[in-house]
Each structure stands twice: as structure tokens, then as C-alpha cells.
Amino acid sequence: MSKIASAFANGKAFIPFITCGDPDLATTAATVRAAVQNGADLIELGIPFSDPTAEGPVIQEANIRALSGGVTTDKIFDLVRDLRQDVTIPFVFMTYVNVIFSYGAERFLSKCKETGVDGLILPDLPFEEKEEFLSVCRENGVDLISMIAPTSEQRIAMIAREAEGFLYIVSSLGVTGTRSQITTDLASIIKVVRENTDTPCAIGFGISTPEQAKKMAALSDGAIVGSAIIKILAEYGTDAPPHIGEYVHTMKEAIVS
């Protein structure tokens with residue numbers, strides 16, 4: 001069993017997304033630890049990129065704040081190394097293909113193995129082109145996590161059959177961001193996923209309230225929340241970690257109740 005699968009072994013998983021370096025790396029470290037202490041089962045760590053095409057305004061602005069503050073990929077690896085002194089739950093990087101190309105794929109993935117990163121999500125990597133990264137990911141024990149969107153349609157079964165770690169189910173068309181309602185027929189998507197793989201799946205994009213998280217986790221194996229957490233970081237800055245801990249606690253309680 002991959003380490004990522006262990007995040008789903010004890011019921012529904014709550015997965016927070018945090019942009020590394022927003023507003024600084026010390027706050028990121030404190031935020032991760034607060035999330036873990038309050039029930040997070042897996043952490044998505046965003047490596048900032050200047051053109052994050054899958055992100056809405058909230059996470060775009062977090063990327064800008066982090067990059068303006070001087071964060072680099074090497075500094076993020078140092079962050080992970082520090083967190084691994086006491087944090088044992090799985091970590092997944094979420095970033096863009098150009099970040100890895102510019103760093104060097106083999107160097108990047110070997111650093112993931114060395115520091116303790118368990119998976120990789122690349123929203124701008126088409127499923128049909130994943131072979132470019134798959135072998136080097138496998139060499140380093142890093143799960144290359146696939147995304148299924150409402151537009152995937154006939155490709156859902158194929159993507160599910162080749163899934164590693166967990167499947168990221170995109171709840172809505174468009175970019176990340178909180179939504180008042182999620183109207184996609186996710187049940188039919190997840191039915192096809194279940195027919196083709198035992199790999200767990202979690203729903204992300206648009207989830208912000210305990211009620212939404214509970215509904216999404218009831219359909220799937222977990223809920224992923226990003227923009228709502230980044231909004232707390234934007235509001236409170238370096239004082240955000242305890243507020244995020246409280247939010248994570250509320251969301252985790254909602255999905256397991």
C-alpha cells in the first residue's frame with residue numbers, strides 16, 4: 001500500500017491545500033502542523049508558479065505573495081525536510097510542469113524521495129502525456145496523481161484504471177475557488193471510478209463549508225479544500241495557523257460525523 005493510501009485507511013480523509021511561502025515559509029510550517037494537529041489526513045503543498053492556470057484569484061494571489069517573498073523550490077524542499085522531523089502524514093506537491101522542467105525532473109523527484117514527498121499533482125499535465133514523468137516518479141516512489149474533471153467523460157474509466165495514490169475528482173468546471181453550490185453530477189463520475197479501481201478518490205475545487213465537505217465526502221473518500229484556507233492566510237497573515245487549525249478541526253468533524 002502506498003503511503004498516500006494510508007491517509008484513507010481510517011475513514012473519510014480531509015485534505016487541506018497550502019501554498020508554500022504564503023506569507024512566508026515559517027507560517028507555512030506552522031500552518032501544516034496546526035492542520036495535522038486538528039485532523040488533516042494528507043497535506044497538499046503548492047509550489048508557487050507565476051502562471052498557475054488551474055487557480056482562481058485567491059490562490060493566484062497566494063502564488064504572487066509567495067514568489068514576491070523570495071520562495072524557491074529548494075527552500076520548499078528544506079521546509080519539507082524540517083516538517084518531516086515530526087509530521088508523518090503523507091505530503092503531496094501540487095505544481096505545474098514548467099516548475100519541474102526548470103528544476104530538472106530527475107533532480108526534482110529524487111529530492112522528493114529524499115525529503116519525504118509522497119505524491120505529485122500536475123494540473124497542466126494531460127493524462128495522455130503523463131509517461132514523460134511516470135517512470136521517474138516510480139523510480140523515486142512518488143505517486144503521480146491523476147485528476148478527473150466533469151469534462152473527462154469517456155476517459156474516466158481509463159484514468160481510473162491507471163490511478164496511483166488517490167484520484168483527484170474536480171467538482172466543477174473552471175478554476176479553483178469557493179462556490180456557493182456544486183451542481184456537477186459527481187455521483188455518476190464516482191460510480192465509473194468505483195467500477196474501474198480500488199484507488200481512493202477525493203473531491204476538490206469549490207468546497208469551503210462543513211456542509212459541502214460532508215456532502216462531498218459522503219460521495220467519495222475525502223474532501224480537498226484550498227481557497228477557503230488561503231483566504232484565512234490572506235486575512236490573518238503570520239497569525240493564521242491557529243485559525244486554520246480551528247477550521248480544519250470543524251471540517252474534519254463534518255466529514256466523519
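The values are calculated or read from the model by the stated rules, or taken from the named source; none is laboratory data. Remember, it's a predicted structure, so these values are computed and weren't measured experimentally. Using ideal geometry, Cβ is built from the backbone for each residue, glycine included, and neighbour counts are taken over all protein chains shown.
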Which residues, taken from the range 193-208, are at negative phi and modelled with pLDDT under 95? Gly204, Ile207, Ser208
Here the residues within the range 121-168 that are of a type in the set (A, V, I, L, M), touching a Gly at 6+ places or on another chain (Cβ under 7 Å) and in contact (Cβ under 8 Å) with a residue 40 or more places away in the chain are Ile145
Looking only at residues in the range 201-223 that are touching a residue at least 40 places away in the same chain (Cβ under 8 Å) and over 20 Å from Lys191 (Cβ atoms), which one is nearest to the chain's Cα centre (by Cα)? Ala213
Go through the range 60-74 and report how many residues are assigned to a helix (DSSP H, G or I), of a type outside the set (A, V, I, L, M) and under 22 Å from Phe108 (Cβ atoms). 3
For the range 75-96, give me each residue that is part of a helix (DSSP H, G or I) and either modelled with pLDDT under 95 or over 19 Å from Val136 (Cα atoms) (or both). Lys75, Ile76, Asp78, Leu79, Val80, Arg81, Asp82, Leu83
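Yes or no, residue by residue, for (1) among the aromatic types (Phe, Trp, Tyr); (2) surrounded by fewer than 24 Cβ atoms within 10 Å (Cβ to Cβ); (3) touching an Asp or Glu at 6+ places or on another chain (Cβ under 7 Å); (4) not in a helix (DSSP H, G or I):
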| residue | (1), (2), (3), (4) |
| --- | --- |
| Phe8 | yes, yes, yes, yes |
| Phe14 | yes, no, yes, yes |
| Pro23 | no, yes, no, yes |
| Thr27 | no, yes, no, no |
| Ala30 | no, yes, no, no |
| Arg33 | no, yes, no, no |
| Gly39 | no, yes, no, yes |
With the requirement that a residue be at pLDDT below 95 and hydroxyl-bearing (Ser, Thr, Tyr), what does the range 129-184 give you? Thr151, Ser152, Ser171, Ser172, Thr176, Thr178, Ser180, Thr183, Thr184
Given the options Gly70, Gly21, Gly104, Gly11, name the one that is out of contact with any His (no Cβ under 6 Å at 6 or more places or on another chain), of a type outside the set (S, T, N, Q) and in contact (Cβ under 8 Å) with a residue 60 or more places away in the chain. Gly11
Thr72 touching a helix residue (DSSP H, G or I) at 6+ places or on another chain (Cβ under 8 Å) and either small (Gly, Ala, Ser) or over 15 Å from Gly222 (Cβ atoms) (or both): no
Any residue at all in the range 37-47 that's without any contact (Cβ under 8 Å) to a residue 60 or more places away in the chain and more than 15 Å from the chain's Cα centre (by Cα)? no
Restrict the check to the range 213-224 and report whether at least one residue is modelled with pLDDT under 95, in contact with a helix residue (DSSP H, G or I) (Cβ under 8 Å, 6 or more places away or on another chain) and either of a type in the set (Lys, Arg) or closer than 16 Å to Asp22 by Cα (or both). no
Report the residue count in the range 45-85 for those that are touching a Pro at 6+ places or on another chain (Cβ under 7 Å), more than 15 Å from Val99 (Cα to Cα) and not small (Gly, Ala, Ser). 3
Does Phe49 satisfy the criteria of being in contact with a helix residue (DSSP H, G or I) (Cβ under 6 Å, 6 or more places away or on another chain) and either in a loop (DSSP other than H, G, I, E, B) or hydroxyl-bearing (Ser, Thr, Tyr) (or both)? yes
